[in-house]
Amino acid sequence: MARNRGFVVGFAALICAALLSISAAASIRPISDAHRSAALELFVPVDGSFPSLEETYEALRTFQILGVGKTSDISGATCPVVLDKLRSSTSSPKEFFNALRLIGILGCQIGSQTFENVASHLQALIKDADSLMDLYYSVISLLHIKGQGVSAVLSDAEGVFHSIKALSQSDGRWRYDSNNAESSTYAAGIALEALASVVSLADAEVDQSKIGIVKHDIEKLFDSIKSYDDGTLYFDEKHVDGSEYKGPLTTTASVVRGVTAFAAVAGKLNIPGDKMLGLAKFFLSIGVPGSTKDLFHQIDALSCLESNRISIPLILSLPATVLSLTSKDQLKVEVTTVFGSAAPPLTVNLVQASSYDKNTPVLENQELQFDTENNIHYLDILPLKIDVGMYTLEFEISLHDPENLNIYATGGRTNALAFLTGTIKVDKAQIGVFDSDAESAATMQKLDLSQDNRISLAANHLQRMRLTFQLVTPLGHNFKPHQVFLKLRHESKVEHIFALESSARQFKIILDFLGLVEKFYYLSGRYEIELAIGDAAMENSFLRVLGYIDLDLPEPPEKASRPPPQPVDPYSRFGPKPEISHIFRSPEKRPPKELSFAFLALTLVPLVGFLIGLLRLGVNFKGFPSSSVPALFSILFHAGIAAVLLLYGLFWLKLDLFTTLKALGLLGVFLIFVGHRTLSHHASTSAKLKTN
Amino acid sequence: MIVNIVQLTNQFSSSVLDISCEPQVPFSDSGKQELIMAKSNASDAQALVRSLRSAYAATPTNLKIIDLYVVFAIATAIIQVVYMGIVGSFPFNSFLSGVLSCVGTAVLAVCLRIQVNKENKEFKDLPPERAFADFVLCNLVLHLVIMNFLG
């Protein structure tokens, strides 16, 4: 029972989750402990260090922003590598960059002499650099050295500024170098960060007009911002092909880094706060990313947004979107920065709450009260007499201090989806069986669906069954849930499901068995009656067995359809089958061996008789030739015949026909030759005898 | 040999006729007559067999050898048929092969006898060695087939 109920509620939750995803209000939450534990799970060092300095920086920077993890275990293995890179004279700008940005976090002990050497090295590299990435790495490295307290000054700041600016395009994007004609949004972020570093490294003030031009470029870059349906904003490349393509997250993070860095040195930028809020929502709507790079970019970009000089986005979120009337929940709203830090003093106003299905407002202009202890805005909804259901809530934030409007971005009206749930009462439930023509005189049994008593009914195919009930919300209104089903299950597990129709007052179903005979496959017997009522806003959704009904249906005619086969226990269907004992052709009965041997001996008896008879006839070898050559041929003739007979014996025992024929051919030729000589000699001698 | 048998049968039938042409004896001698007839029938059969034997003794030795060989072959075939009658014909091919070997070789021997017999005017010009060579060759071919069929 609990499982069925859980299934019904789960199904309802699935519906509302699907609806939530297509609605315009996304349930965004600020960075929370879920991100912290994800960071600890994703960034796992192998043998005390990370595979590369870049990954080390990503891990440590994420830990630093989130306030988790220990850097002491990593520094042991990584500091020597960093030192090695700094001391080497053949390091590229990228290597210096990777090494130097770790120093601040790791706290490696490095002498100022090394820094000065590296600084002079970097100055030389900057002079020779011609690509955006080289300039970026060198300038940022120099900035990190300055951050360590070593004096590092960019001598030709204007020149470097100019060479970076020269690579910009008219739409606000940047090229990677002068040879490459393709521009990239990611490169724009890189370039802005480099320009900001140049300005802060310059010994003399950089020309304000140049800075103004870059501000103009930033505004053009923001014109190319893209948006999703839920109001989040992001940057992406114009062309998504190519090996240089980094996804929207990396590109947006790069632009955010660059723009906030530039705003920090250049003063106020003309970017509306809504855009910053949209970018913040983009990063927060990812949730908890699954890869290290995604997590790093998300956290790093949000840390730039947390305290930037353009506008700090304030996120309005609902910790709980499902409020229960039974447990007297309050509507709670949180307004914080992206990392969950406190917002400046403000008031949250619920401008409108409208029912999701009908879009009619049920609440207007309710001001939420502020709980200073928990930093939460709340509203008591119980006295407001709102019924159960799904609602769209519209909030508006008003800052107390008008000065804060320049600093913070509140984003006008924010939408959120909320469920109000409660216990639904099933009232006036009645069930009964009646004859087709006597509906009004039917005797109905009362059902009490809160208790588990089963009713038993009996009907034949000429009668009908009727079930009626009312559903009442806690506030006493009629309730129409998503699912109201009646299921009849036969003893043979064949099920039939019916949906109940609802009128203004009640739910009713009349089963006319005469029309349903064929649908029921003419199966008579006991049918179990189950009622399922469920909705997302209903706390007591249920699937209850009401009882059973014994149906007496006529016999199925010849051509009636058979009930569908019910699922069989897979182990019985796919389990091992009984062993088949193979019956081979029984061998023929052979006679007993003794009999066979006896007859073998008997067969040889005529041969013996033949030989005895020959002796009695006086057979002799007088006709055998006496002289040597004919004698030889005679011997060979007899030997040849014996050889052929031996060949036949071998043929019977093991040879095959072809071998035998081959041998026979040879022997036959021999035999013919020899036999001819012998017999012709014999013929001539007998002719001589005759004439004599 | 056939001529001898014909001569002997003529003698036998003439002796029977002689007996039947005798004048009728009065009634008291009829029983004696029958006894004499039966006796004479038995003794006539004996006389026939004796004369057959003596006539056969006149045949040349090589023909007697061939006759003996034929008798041997047929006896072997009969024994095989009796065996099959007792145990059933399960490896039928073997049975056929054995019987036909005997019968085949007997037939070839009979052909040899016909060709070698000097009294046979048809094969006067055929040297007996040639007939013997044919006999050997045909026997070898027959036995190749028999061995193949024996299984």
For the subset of the stretch A:541-551 comprising residues that are surrounded by 18 or more Cβ atoms within 10 Å (Cβ to Cβ) and not aromatic (Phe, Trp, Tyr), which member is nearest to A:Asn453 (Cα to Cα)? A:Leu546
Limited to the stretch A:594-631, what total is found for residues that are more than 10 Å from every other protein chain (Cβ to nearest Cβ) and surrounded by 14 or more Cβ atoms within 10 Å (Cβ to Cβ)? 3
Looking at this structure, is B:Val70 within 11 Å of chain A (Cβ to nearest Cβ), part of a helix (DSSP H, G or I) and of a type in the set (Val, Ile, Thr)? yes
Before we move on, is B:Val99 closer than 23 Å to A:Leu664 by Cβ, away from every other protein chain (no Cβ under 11 Å) and either within 21 Å of the chain's Cα centre (by Cα) or not charged (D, E, K, R) (or both)? no
Looking at the stretch A:672-692 only, could you name the residues that are in contact (Cβ under 8 Å) with a residue 12 or more places away in the chain, under 19 Å from B:Val141 (Cα atoms) and more than 8 Å from chain B (Cβ to nearest Cβ)? A:Val674
Residues that are in contact with a Ser or Thr (Cβ under 6 Å, 6 or more places away or on another chain) and outside any helix (DSSP H, G or I), drawn from the stretch A:251-293: A:Ser285
In the stretch B:133-151, which residues are farther than 16 Å from B:Cys111 by Cβ, facing chain A (nearest Cβ under 7 Å) and aliphatic (A, V, I, L, M)? B:Leu144, B:Met147, B:Leu150
A:Pro591 is checked against (1) more than 8 Å from chain B (Cβ to nearest Cβ); (2) outside any helix (DSSP H, G or I) and fails just one. What number does that condition carry? (1)
Which of the following residues is at pLDDT 90 or above and hydroxyl-bearing (Ser, Thr, Tyr): A:Tyr527, A:Tyr521? A:Tyr527
Taking the stretch A:331-345 and keeping residues touching a helix residue (DSSP H, G or I) at 6+ places or on another chain (Cβ under 8 Å) and surrounded by fewer than 19 Cβ atoms within 10 Å (Cβ to Cβ) leaves A:Ser341, A:Pro344
Taking strands (runs of 3 or more DSSP E) that do not extend beyond the stretch A:308-407, which have at least 1 residues that are touching a Ser or Thr at 6+ places or on another chain (Cβ under 7 Å)? A:315-317, A:322-324, A:330-336, A:346-355, A:361-367, A:389-399
Restricting to the stretch A:408-423, and then to whatever is at pLDDT below 90 and not in a strand (DSSP E or B), can you tell me which residue is surrounded by the fewest Cβ atoms within 10 Å (Cβ to Cβ)? A:Gly412
Kindly list the number of the only condition in (1) β-branched (Val, Ile, Thr); (2) within 23 Å of A:Ala204 (Cα to Cα); (3) not in a helix (DSSP H, G or I) that fails for A:Ile110. (2)
Take the residues of the stretch A:642-657 that are within 8 Å of chain B (Cβ to nearest Cβ) and buried (at least 17 other Cβ atoms within 10 Å of the Cβ): which is farthest from B:Gly151 (Cα to Cα)? A:Val644
Is it fair to say A:Tyr548 is aromatic (Phe, Trp, Tyr) and assigned to a loop (DSSP other than H, G, I, E, B)? no
Taking only the stretch A:424-449 into account, find how many residues are among the polar types (S, T, N, Q) and part of a loop (DSSP other than H, G, I, E, B). 3
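The values are calculated or read from the model by the stated rules, or taken from the named source; none is laboratory data. Since this is a predicted model, take the numbers as computed values, not measurements. Positions of Cβ are generated from backbone atoms using ideal geometry, with glycine treated the same way; all protein chains shown enter the neighbour counts.
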